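Just so it is clear, none of the values below were taken in a lab; they were calculated from the coordinates. On a predicted model such as this, the values are computed, not experimentally measured, just so you know. Reconstructed Cβ throughout: ideal geometry from the backbone, glycine too, with neighbour counts over all protein chains shown.
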Amino acid sequence: MEVHNTLRKIRDLLKNDQVDKAIDLMETMLPPDQAEILRELPVKKQHALLARLEAEEVAEILEELEDLSAAEIAAALDIPRLASIIDQMDPDEAADLLGDLEPEVSEQTLEQMETSAEVRPLMVYGDQTAGGVMTSGFITFMETETTSEVLARLRQAKSEDLKVPYIFVVNGTGALVGIGNLLEIIRTDPKHTIGSCMRTQVLSVKAQDDREKASRMMARYALSALPVVDDNNHLLGIITFDDAMDVMEEEITEDIFDKVALGTLGDREMARSYTMARGPVWKSWRVRMPFLIITLFGGMLAGVVIDVFEDALKTITVLAFFIPVVMGMGGNVGTQSSTIFTRAFVLGHINPRRFYYHVLREIGIGLGMGIILGFVAGLIVTFWQPDITHIGLVVGLALAFTVTLAATLGYLLPFSLVLMGLDQTAGAVPLMTMIKDVTGLLIYFLLAYTFLGLTA
């Protein structure tokens, strides 16, 4: 609630061109909250704020944003400004952001960065590897250094190199030979070497190992950091606990999609969602308009159906009263089923290999709801229009059939669009509405001809 209230205040300040006051308010917040505020602002307002913030503050915000959001903001900055901001980021975060930018922009930025020597080596590893999530923000010590020398160097070290409570110890060839605990080093005689108090049983991973393996290892052994080494055991970097938790979160999401045999769906849906919610307006039109145009023609076709049965409406005008009921309830049920399908599918509760089971189950649910709704509607219509024999039966049966059909389409259409690689969130409901409207009207009027004694 506090973030929401602050967002409202910042919007009001920016609307009145009080950028300085908006900046002052932003600076009272922590980076995760600042990132949330920034996400909710229009692009122009984002740039107005970022242009006035210090490079270090912008760096902290970019580190909190999703990859796509951070890359979009970074791409809009001029190269010198971007370089100064990325210089303030952790090396691993900087490498990730640069990797999401156009190669030309990334290279120009690196050329102007002071920390490019730390960041470049991290960009050669794949995103799914341990090397892809490691950072170069650490300090190594020779095993022959005394604990007093170690403490002296630590006092002079940059704060970003002291984020983990471990001391990494190497030998003369640069190979990792042990890890020291800072508390133990403080307690050890200043004249003793760090080699005398280090732990030689060191857990590590290779740079090419899967990042999930590294994260699970850290969780299993409750490690604050995990060394990443090459084939000769030379220390290349470390994976920090917060990066490992980010990996675990991403891997859990990927596992959900793997269970439904759609391992690449997560990234695709993330990109689609970002485009629809925050991308250029024309891209949203490009995705949504084709489905809506199809629906428009479907609406015209529904009009043709009504025109065909015009004589029935003239004979028993009361039939027109209940068209919105039949159509509206079908639309509500179809939208409901489509939403339930989408959530269950994303969370892995629907197995495509047993999709027939899920469809049959939804048909059964739709049929049950249709019978109940049709029975209730039929009773109401019978008492409302007692002079027209069987009108309640017509409305009740039409509602039962339409609700069952809508529930079925609510599962079949989004799944079909997913299999075709189309955006089911934009297309399922419009297509379902079109099919349901046309078939629902046909069912309604055919039942009227059957039970009300109408003749063609």
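List of remarks:
- Under the convention that each Lys and Arg Cβ holds +1 and each Asp and Glu Cβ holds -1, the size of the dipole of the range 2-122 around its Cα centre is about 840 debye.
- Maximal additional length on extending the Glu102-Ala219 stretch stands at 38.7 nm, based on 0.36 nm per residue less the C-alpha distance.
- Based on the reciprocal of the average 1/r between different C-alpha atoms, the Kirkwood radius for the range 2-122 equals 14.6 Å.
- Under 5 Å from the amide H of Val177 lie the amide H atoms of Val169, Val170, Asn171, each residue being 5 or more positions distant or on a separate chain, with H modelled from the backbone and absent for Pro and chain starts.
- Using θ = phi - 60° in the Karplus curve 6.51 cos²θ - 1.76 cosθ + 1.60, the 3J(HN,Hα) couplings for the range 146-155 round to 7, 5, 5, 5, 4, 5, 5, 5, 5, 5 Hz; x is entered for Gly and Pro.
- Debye log10 I(q)/I(0) for the range 344-440, one point scatterer per Cα, at q = 0.24, 0.25 Å⁻¹: -1.17, -1.22
- Taking other residues whose beta carbon is less than 14 angstrom from the beta carbon of Val19, and scoring Lys, Arg as +1 and Asp, Glu as -1, yields +2.
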